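**Q** I am attaching a structure below and will ask some questions about it afterwards.
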Amino acid sequence: MKKIKIGIIGPGTISHRFVKGARMVRNCEVYAVCGRSKERANQFALQYQIPYHGYYTDLIRDTNVDAIYVATPNETHYEIVKECLLHGKHVLCEKPMVTTEEELKELYAIAYEHNLVLMEAMKALFLPLTAKVKDIIESGELGEIKYLDGKYSYKSDLPMDHWAYHATSGGGLRDVGVYPLGYFNYLMDSKIETIQTMSRFAETGADAFTQAMITYENGVCASLVGGIDVLTENKAMIYGTKGYLEIVNFWKASEAVLHKGEYQRVIKAEMVSDFKYETEHFVECILKGAKESPVIGLEECLEIMRVYQKKEEAQKNN
């Protein structure tokens, strides 16, 4: 079977982890890299013994490249992803992919027109453990699901000019709050009905901490936290009428604990690299000629965007 050759734009820390995971995928080849820093991109290329391109436009125009993994600062995603799609490349883009609903719809329209797979990188959705958690929920073992609680917040020592503090594309919700948000949306498989948010903002205007309260159309209530100025206990809790699940570091977890009264059971699953499974799914979508990922496509991204927008509306009204 054909191997999908993937080029990397942005040789930062996360791309090292991407290479590790992608090289575990049978039908994938990490083919080339480029970045704003030519020196760092060249070092990356030497480390992994892959070709180096001086400019991202050269990588995009490389006819040997089938797909591109975009791991540049958030505010650059829209223009880079658009150019990749217009040059016939499938795209796996780090979250948050874009900052507005209009940009999101435009990029997907281009992808549809050119029969390309565009996918936002949401690795928690593809973990083997996540599949087991979803099976437990759907089996009824927890009873009727009533409440979800998820947190991902860390104490940043980043300077204020770092992309994480960018006013429109950074902040706690977009950086890490998206993890519990995307995770819960996937597990519930239900549209969001209502959204309330409260935030604390950094001097740049980015949210340093956001809590969102959500109700789904199926009646389930959820609380999720994303922050970059305080360390919390980072885990997902799923509460039903018969018991609850506890998943510590759910976005990269290999085990969950099921609680039913005094009874506890540990559920374990493989987790060799959190980047392996999402890359595997992305490559499978390309090889199968899929219109988009059935897990995280346009509609799923729009649901996430609704929560971002609610936070921004609340900010403007304060």
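The values are calculated or read from the model by the stated rules, or taken from the named source; none is laboratory data. Quick caveat: nothing in here was measured; it's all calculated off a predicted structure. Every residue, glycine among them, receives a Cβ derived from its backbone with ideal geometry; neighbour counts consider all protein chains shown. We work out accessible area using only protein heavy atoms, side chains counted, and drop any ligands, DNA or RNA first. Shrake-Rupley method; radii C 1.70, N 1.55, O 1.52, S 1.80 Å.
**Q** Just how much of Val230 is accessible, in Å², when a 1.4 Å probe is used and the result is rounded to the nearest 10?
**A** Around 50 Å² of this residue is reachable by solvent.
**Q** Lysines near Lys268 by alpha-carbon distance under 28 Å, same-chain residues fewer than 8 away left out - which ones?
**A** Once the sequence-local lysines are set aside, what remains near Lys268 is Lys20, Lys95, Lys123, Lys132, Lys134, Lys146, Lys151, Lys235, Lys242, Lys252, Lys260, Lys276.
**Q** Would you please classify the overall shape of the range 21-136 from the alpha carbon gyration tensor, given that a ≥ b ≥ c denote the square roots of the eigenvalues, rounded means a/c under 1.5, and beyond that prolate means a/b larger than b/c while oblate covers the rest?
**A** It comes out oblate by the Cα gyration axes.
**Q** How far is it, in nm, from the label point at Tyr112 to the one at Lys5 when both lie 7 Å from their Cα along the line to the Cβ?
**A** 3.1 nm
**Q** Ordering His281, His114 by how much accessible area each has at a 1.4 Å probe, largest first, what is the list?
**A** From most accessible down to least: His114, His281.
**Q** Return the loop-located GluC sites (Glu not before Pro) in the range 168-262 (DSSP other than H, G, I, E, B) with at most 13 other Cβ atoms within 10 Å of their own Cβ; answer none if there are none.
**A** Qualifying residues, ordered by number: Glu203, Glu217, Glu233, Glu262.
**Q** So what is the calculated 222 nm ellipticity per residue for the chain, using -39500 (n - 2.57) for each DSSP H run with n of 4 or more, over all residues, to the nearest 500 deg cm²/dmol?
**A** It comes out at -10500 deg cm²/dmol, rounded to the nearest 500.
**Q** Considering only the other residues whose Cβ falls under 13 Å of the Cβ of Thr76, what net charge follows from Lys and Arg at +1 and Asp and Glu at -1?
**A** Around Thr76, the surrounding residues sum to -3.
**Q** R0 = 45 Å: FRET efficiency of Glu284 with Tyr147, Cβ-based, nearest 0.05?
**A** Efficiency for this residue pair is about 0.85.
**Q** Using a 1.4 angstrom probe, figure out how much accessible area the chain has per residue, in square angstrom, rounded to the nearest whole.
**A** Averaged over the residues of the chain, the accessible area is 44 Å².
**Q** For helix 77-86, report the angle its Cα long axis makes with the longest principal axis of the Cα atoms of the chain; keep it between 0 and 90° and round to the nearest 10°.
**A** 60 degrees
**Q** Zone of Val266 (label point 7 Å along Cα→Cβ, backbone N under 12 Å): which residues in the range 120-150?
**A** No residue passes the distance filter.
**Q** Oh, and also: Under a crude label model (7 Å from the Cα following the beta-carbon direction), how far is Arg17 from Asn318 in nanometres?
**A** Each label point is offset 7 Å from its Cα along the Cβ direction, giving 2.8 nm.
**Q** Could you work out how far helix 13-22 tilts from the main Cα principal axis of the chain, as a 0 to 90 degree angle to the nearest 10?
**A** Helix 13-22 and the main axis of the chain meet at about 90 degrees.
**Q** Let me ask you something else. According to the square roots a ≥ b ≥ c of the eigenvalues of the Cα gyration tensor, what is the shape class of the range 203-243, taking rounded for a/c under 1.5, prolate for a/b larger than b/c otherwise, and oblate for the remainder?
**A** oblate
**Q** Hand me the trypsin sites (Lys or Arg not before Pro) from the range 238-288 located in a DSSP loop with no more than 15 other Cβ atoms within 10 Å, in residue order please.
**A** Here the sparse-neighbourhood loop sites are Lys242, Lys288.
**Q** Can I ask one more? Report Met24's accessible area, 1.4 Å probe, all protein chains in place, as a number in Å² to the nearest 10.
**A** 80 Å²
**Q** Can I ask one more? Over the range 145-256, what is the percentage of antiparallel beta bridges among all DSSP beta bridges, to the nearest 5?
**A** 80 percent
**Q** In addition: Would you mind counting up the charge near Gly219? Only other residues with Cβ under 15 Å from its Cβ, with Lys and Arg at +1 and Asp and Glu at -1.
**A** -2
**Q** Follow-up. Let me make sure I get this right: for the range 66-201, a, b and c are the square roots of the gyration tensor eigenvalues over alpha carbons, sorted descending. Under 1.5 in a/c it's rounded, otherwise prolate if a/b > b/c, else oblate. Which is it?
**A** oblate
**Q** Follow-up question, since we're still on this one. Considering only DSSP beta bridges whose two residues both sit in the range 1-117, what percent are antiparallel, to the nearest 5?
**A** Within the range 1-117, antiparallel bridges account for around 0 percent of the total.
**Q** Here's another thing I want to ask about it. Points 7 angstrom from Cα along the Cβ direction at Arg26 and Glu233: gap in nanometres?
**A** Using points 7 Å along Cα→Cβ, the separation is 4.2 nm.
**Q** If you stretched the chain out fully between Trp163 and Ser37, how much longer would it get, using 0.36 nm times the residue separation minus the C-alpha to C-alpha distance?
**A** Extending this stretch completely gives an extra 43.8 nm.
**Q** Using a 1.4 Å probe on the protein heavy atoms only, what accessible surface does Tyr55 show? Give it in Å² to the nearest 10.
**A** 130 Å²
**Q** Just name one of Pro180, Leu245, Leu231: the one whose Cα is farthest towards the positive end of the charge dipole of the range 159-318 (beta-carbon charges, Lys/Arg +1, Asp/Glu -1).
**A** Positive-end residue among those listed: Leu245.
**Q** Next question. Largest first, how would Trp163, Trp251 line up by accessible area (1.4 Å probe)?
**A** Most to least solvent-accessible, the answer reads Trp163, Trp251.
**Q** Counting other Cβ atoms within 10 Å of each Cβ, which trypsin sites (Lys or Arg not before Pro) in the range 163-220 have at most 13 and sit in a DSSP loop?
**A** Those satisfying the criteria are Lys191.
**Q** Oh, and also: In the chain, what % of DSSP beta bridges are antiparallel (nearest 5)?
**A** The answer is about 60 percent antiparallel.
**Q** At 1.4 Å probe size, with the rest of the protein present, what percent of the exposed accessible area of the range 185-305 is carbon and sulfur atoms?
**A** The nonpolar share, carbon plus sulfur, comes to 49 percent.
**Q** Roughly how many percent of the accessible protein surface of the range 65-172 is carbon and sulfur, given a 1.4 Å probe and a whole-percent answer?
**A** 51 percent
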